[in-house]
Amino acid sequence: MILVTGAGGQLGSDVCATLKAQNRPYLGIDVDALDLTDEAAVQAFFADHIDITAVIHCAAYTAVDKAQDDFETCTKVNVLGTTYLASCCSDIPFLYISSDYIFGSDGNLPLETTDPAAPQSVYAKSKYAGELAVEALCRKFYVVRTSWVFGEKDTNFIATILRLADTHDTLRVVCDQIGAPTYSRHLAALLCDMIESGKYGVYHATNEGACSWFELAQYILKAEGKSVTVLPVTTESYGAKAPRPHNSRLSKKSLDENGFSRLPPWQDAVNEYLERRKNL
Ligand SMILES: NC(=O)c1ccc[n+]([C@@H]2O[C@H](COP(=O)([O-])OP(=O)(O)OC[C@H]3O[C@@H](n4cnc5c(N)ncnc54)[C@H](OP(=O)(O)O)[C@@H]3O)[C@@H](O)[C@H]2O)c1
């Protein structure tokens, strides 16, 4: 049975839906079922569930700006929680989701899995520390770094832009961070292919192509026929609390080399999401 943490979150809910559609045995849990920051509870959970054969670890503290003022909770969930979980999984496949934010790059080339990490924010440092814990504790690990995830949860960037478009004439959106929007449904399908493949290692997985947040906002608003003015602003003038890398382009070489299919272009992913959103 595959254990999925963060089952109530964007990615975790799509991983569970994918496994269900594939008729594969899984158990999706959230903080109510198991608080990952409680070491004794994590150990007791694994003692009670000896049929767990693999883990897809989607749970995380993901409030990037809030984390700057909440180092303790962010570190507890992303570093300690991951460590407690990984400690119980030394011999079973363990898939950890990480982030483009572990890089601190200003360049414009796609980042390889082997490029040096340079996490800048509290959140980014916690995600990178989580990677190191998994690599140290699990023999059969996958680390999958992704970026700019959107899914059915209504707090994602696309949903936020559409909500703001209904109440504002003008939106200011950052134009100097370049990355790839990633649809959680597409990523979930890849993770479910990967988890029992035995092709352990570090991967980058996002929808194909790259854009800025500004370009993404323009694309969404045009697709939805909203006539709102979008102003491009720099990261500096936008002034978010947490620093973010300018270059979030991730190379997919490791996916290619291991025979995994790349995800569809980000525009197709956004179109699919917008279409499904209409039926929610
Ligand atoms: N979102 C992005 O843009 C992005 C980009 C790159 C990488 N990632 C990574 O992708 C993964 C999935 O992200 P997501 O967007 O699906 O996040 P999400 O929607 O915020 O889901 C995270 C889940 O983790 C749960 N959780 C938090 N603290 C927990 C605890 N102590 N014990 C057990 N569960 C806990 C949350 O429960 P509550 O809701 O009840 O707190 C939530 O269900 C994460 O590892 C994230 O770091 C995300």
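The values are calculated or read from the model by the stated rules, or taken from the named source; none is laboratory data. Quick caveat, the model's predicted, so the values are computed rather than measured. Ideal geometry is used to build each Cβ from the backbone, glycine not excepted, and the neighbour counts take in all protein chains shown. Protein only, heavy atoms only, side chains kept; ligands, DNA and RNA dropped before computing areas. Shrake-Rupley method; radii C 1.70, N 1.55, O 1.52, S 1.80 Å.
Which Cα, out of GLY12, THR229, ILE50, lies furthest along the positive dipole direction of segment 2-278 (beta carbon charges, K/R +1, D/E -1)? Sorting the options by dipole projection puts first THR229. Bridging of LYS140 to aspartates and glutamates at a Cα separation below 14 Å is possible for ASP91, GLU131, GLU196, once same-chain residues fewer than 8 apart are set aside. Rounded to the nearest 20 debye, the dipole size of the chain about its Cα centre is 460 debye, using +1 on the Cβ of Lys and Arg and -1 on the Cβ of Asp and Glu.
Sorted by packing (mean other beta-carbon atoms within 10 Å per residue), highest first, where do 53-64, 163-174 land?
53-64, 163-174
Expressed as a fraction of 2.2 N^0.38 Å, the value expected for a compact globular protein of N residues, the C-alpha radius of gyration of segment 157-280 is 1.19.
For a Förster distance of 30 Å, can you work out the FRET efficiency between the beta-carbons of THR73 and GLU112, rounded to the nearest 0.05? After rounding to 0.05, the efficiency reads 0.40.
Shown in residue order for segment 195-207 are the 3J(HN,Hα) couplings computed by the Karplus curve 6.51 cos²θ - 1.76 cosθ + 1.60 at θ = phi - 60°: 4, 10, 7, x, 8, 5, x, 9, 10, 10, 9, 9, 5 Hz (x for Gly and Pro).
Around the amide H of SER99, modelled in the peptide plane, lie the amide H atoms of THR146, all under 5 Å away and 5 or more residues distant in sequence or on another chain.
Each part reduced to its alpha carbon centroid, segment 209-271 and segment 145-167 end up 11 Å apart. Determine the alpha carbon to alpha carbon distance for each of LYS127/LYS252; LYS76/LYS253; LYS20/LYS127; LYS127/LYS199; LYS20/LYS199 and list only those over 30 Å. The pairs that break the limit, which is 30 Å between Cα atoms, are LYS76/LYS253. Taking the Cα centroid of segment 3-23 and of segment 169-188, what is the distance between the two, rounded to the nearest whole Å? If we compute the Cα centre of each part, the gap is 22 Å.
Listed by chain and number, the lysines placed with their C-alpha closer than 16 angstrom to that of LYS153 are LYS278; residues fewer than eight positions away on the same chain are left out. Remark on LEU250: its backbone amide H falls under 5 Å from those of LEU111, a criterion applied only to residues 5 or more positions apart or on other chains, H modelled at 1.01 Å from N.
Over segment 88-223, what percent of the accessible surface lies on carbon and sulfur atoms, probe 1.4 Å?
Working: 2700 of 5200 Å².
Within segment 88-223, the accessible surface is 52 percent carbon and sulfur.
With N as its number of residues, segment 2-278 has a Cα radius of gyration that, divided by 2.2 N^0.38 Å, comes to 0.98.
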